[in-house]
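The values are calculated or read from the model by the stated rules, or taken from the named source; none is laboratory data. No experiment lies behind these values; they were computed from the predicted model shown. Quick reminder, even Gly has a Cβ in these numbers, built from the backbone with ideal geometry, and neighbours come from all protein chains shown. Heavy atoms of the whole protein, side chains included, go into the accessibility calculation; ligands, DNA and RNA do not. Shrake-Rupley method; radii C 1.70, N 1.55, O 1.52, S 1.80 Å.
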Amino acid sequence: MNQKFIIKFEQGTLEQSYKIAETDVIGGVNGVFELIDETFIKTVVDQFAVMRQSFFAAFSRYES
């Protein structure tokens, strides 16, 4: 994929993707897994909550 690692998280209909250049990661795929620590995962989960709130707010304005 153009010499990039793509990390994708999905929750229901929402998706977050992160692209990281292979040259920025030490150890290849194993380095990617080391990057995804508990703090990062918590941030991703928190961001899903913000995304969901934003979508519901936009949808409620659309229905009005």
Helix-only mean residue ellipticity at 222 nm for the chain, each DSSP H run of n ≥ 4 adding -39500 (n - 2.57), per residue, nearest 500: -17000 deg cm²/dmol
Accessible area of the chain belonging to carbon and sulfur atoms, whole % at 1.4 Å probe: 56 percent
Dimensions (Å) - the chain, Cα atoms, principal axes, largest first: 51, 27, 16
Rounded accessible area per residue of the chain, 1.4 Å, Å²: 83 Å²
Residue-count net charge about residue 18 - beta-carbon cut-off 12 Å; Lys, Arg +1, Asp, Glu -1: +1
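Given charges of +1 on the Cβ of Lys and Arg and -1 on the Cβ of Asp and Glu, with all other atoms neutral, how large is the dipole of the chain about its Cα centre, in debye to the nearest 20?
Numbers: 6 positive and 9 negative charges, 50 e Å.
Computed charge dipole of the chain: roughly 240 debye.
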Net charge, residue 40 excluded, C-beta distance under 13 Å - Lys, Arg +1, Asp, Glu -1: -3
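Want the number for residue 4 to residue 24: 0.36 nm per residue separation, take away the alpha-carbon distance, what's left? Working shown, then result.
Values: separation 20, 0.36 × 20 = 7.20 nm, distance 0.92 nm.
Taking residue 4 through residue 24 to full extension adds about 6.3 nm, to one decimal.
Give me the extension gain from residue 32 to residue 56: residue separation times 0.36 nm, minus the current Cα-Cα distance, reported in nm with one decimal. Write out the running numbers ahead of the final one.
Numbers: separation 24, 0.36 × 24 = 8.64 nm, distance 3.23 nm.
Extra length from residue 32 to residue 56 when fully extended: 5.4 nm.
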Percentage relative contact order, the chain, counting C-alpha pairs under 8 Å, at least six apart: 26 percent
Net charge of Cβ neighbours under 10 Å - reference residue 31; Lys, Arg +1; Asp, Glu -1: -3
